[in-house]
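Here the structure comes first, spelled out in structure tokens, and everything after it is commentary.
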Amino acid sequence: MAVMCDYCMQHGAGGKWYLNAEHYSNEVAEKHDLRAFLLEQYTNFEQISVRPVGGISPVGMDHTFRMPIIGRVVKRMAERMLHSRKPPRNPFKAEGHMGQVVPLEDAEEILRHCAAEPLIEKNCMCRYMARGYKESCCINFGVMSEIVDKIPRFIPENEKYHLTRDEAIARFREHNRKGYIGTIWFGPFPYINNLCSCENPECAGIRPRVDFGIKSIYKAEYAIDHRPGACRACGACVRQCPFAAISMDKTLGRPVIDQDKCYGCGVCRHVCATDALFLVPRDDVAALAGKY
């Protein structure tokens with residue numbers, strides 16, 4: 001996490017890079033001529049997952065990642081591309097596309113104070129590619145909103161997709177309560193234009209991290225903790241956690257948390273009837289400090 005931490009301290013608000021409103025501005029998009037870049041990228045979005053990068057095809061890559069030496073080399077190449085801070089050049093590469101899990105509270109701050117208007121909600125292409133159906137649960141803003149207007153398959157049918165800030169917050173809350181994971185993305189660096197509500201394993205941003213250990217996304221600035229005395233041991237949080245970080249301990253007769261597995265999305269809190277679950281800053285937990 002050292003690279004991202006350095007970036008947070010230099011450019012973020014309160015150590016959170018995604019609360020720096022400058023990265024959402026149209027001026028950033030204009031400076032790097034991102035309108036044409038993003039239009040090309042999203043017009044051909046489905047090709048990104050199958051086009052060779054550096055001569056390496058992503059098809060069947062899961063086998064390559066599991067090879068001891070070659071797998072490590074390819075993982076490093078993928079991380080270098082994702083973490084790149086160079087100006088974007090090739091719309092068929094996920095260069096500079098770095099993200100982080102965000103809980104509901106931080107997502108609301110983004111939508112209230114950082115995201116540039118206009119705001120829209122578009123169809124999630126990860127779900128479309130993984131399951132073959134469309135669901136409008138990804139919120140975009142600024143230049144990206146203008147781009148989506150030109151690409152019909154991203155536009156939800158029979159739904160209002162241009163949103164006010166209050167409407168966008170209400171929609172994000174709705175998805176978060178369903179158990180969808182909030183994520184914020186550079187797309188590409190240094191422009192932030194995607195606030196997604198993701199599912200695991202459908203999310204193409206989360207899956208490389210979960211399945212192969214590639215730092216395609218960072219864990220949140222938080223981790224979940226609980227008040228054992230308030231817990232009714234109903235098990236709802238165990239079923240809600242998308243990362244299997246909560247399990248039922250038969251000996252104790254209540255859920256236990258593996259904070260090392262926790263991504264800090266906070267969606268487990270929505271199903272706890274006694275408010276026994278709460279988020280704590282990740283760096284305040286000695287075993288988690290600096291581990292993102």
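The values are calculated or read from the model by the stated rules, or taken from the named source; none is laboratory data. Everything numeric in this text was worked out from a predicted model, so none of it was measured. Reconstructed Cβ throughout: ideal geometry from the backbone, glycine too, with neighbour counts over all protein chains shown.
Within the range 98-119, does at least one residue satisfy the condition of being of a type in the set (D, E) and under 18 Å from S216 (Cβ atoms)?
No, because not a single residue in the range 98-119 is of a type in the set (D, E) and under 18 Å from S216 (Cβ atoms).
Take P208 and tell me if it is in a helix (DSSP H, G or I) and surrounded by 20 or more Cβ atoms within 10 Å (Cβ to Cβ).
yes
Only one of (1) surrounded by 15 or more Cβ atoms within 10 Å (Cβ to Cβ); (2) outside any helix (DSSP H, G or I); (3) not aliphatic (A, V, I, L, M) fails for H175. Which number is that?
Of everything listed in (1) surrounded by 15 or more Cβ atoms within 10 Å (Cβ to Cβ); (2) outside any helix (DSSP H, G or I); (3) not aliphatic (A, V, I, L, M), H175 misses just condition (2).
Filter the range 122-148 down to the residues that are loosely packed, with under 15 Cβ neighbours inside 10 Å and assigned to a loop (DSSP other than H, G, I, E, B), then identify the one that is modelled with the highest pLDDT.
Residue satisfying both the conditions and the ranking: Y133.
Filter the range 232-261 down to residues that are touching a Cys at 6+ places or on another chain (Cβ under 8 Å) and of a type in the set (A, V, I, L, M, F, W, C) and give me whichever is farthest from W17 (Cα to Cα).
A236
Hey, among I155, I184, which residue is over 13 Å from the mean Cα position of the chain (by Cα), touching a residue at least 12 places away in the same chain (Cβ under 8 Å) and on the phi < 0 side of the Ramachandran plot?
Exactly one of I155, I184 is over 13 Å from the mean Cα position of the chain (by Cα), touching a residue at least 12 places away in the same chain (Cβ under 8 Å) and on the phi < 0 side of the Ramachandran plot, namely I155.
What number of residues within the range 216-238 satisfy the criterion of being among the charged types (D, E, K, R) and surrounded by fewer than 19 Cβ atoms within 10 Å (Cβ to Cβ)?
Residues flagged as among the charged types (D, E, K, R) and surrounded by fewer than 19 Cβ atoms within 10 Å (Cβ to Cβ) within the range 216-238 amount to 3.
Just to confirm my filter: which helices (runs of 4 or more DSSP H) fall fully inside the range 19-108 and include at least 1 residues that are among the hydroxyl-bearing types (S, T, Y) and at pLDDT below 85?
61-65
Among the residues of the range 158-172, how many are of a type outside the set (D, E) and either over 20 Å from the mean Cα position of the chain (by Cα) or surrounded by fewer than 17 Cβ atoms within 10 Å (Cβ to Cβ) (or both)?
Qualifying residue count, the range 158-172: 8.
Could you look through the range 227-238, keep only residues that are within 14 Å of G253 (Cβ to Cβ) and not in a helix (DSSP H, G or I), and pick out the one that is nearest to the chain's Cα centre (by Cα)?
In this case the residue turns out to be G235.
Which residue out of C196, C203 is within 29 Å of L119 (Cβ to Cβ), part of a strand (DSSP E or B) and either in contact (Cβ under 8 Å) with a residue 12 or more places away in the chain or not assigned by TED's automatic domain parsing to the domain that holds G142 (or both)?
The match here is C196.
Identify all residues within the range 78-98 that are crowded, with 21+ Cβ neighbours inside 10 Å and over 10 Å from P188 (Cα atoms); write none if there are none.
A78, the sole residue that qualifies.
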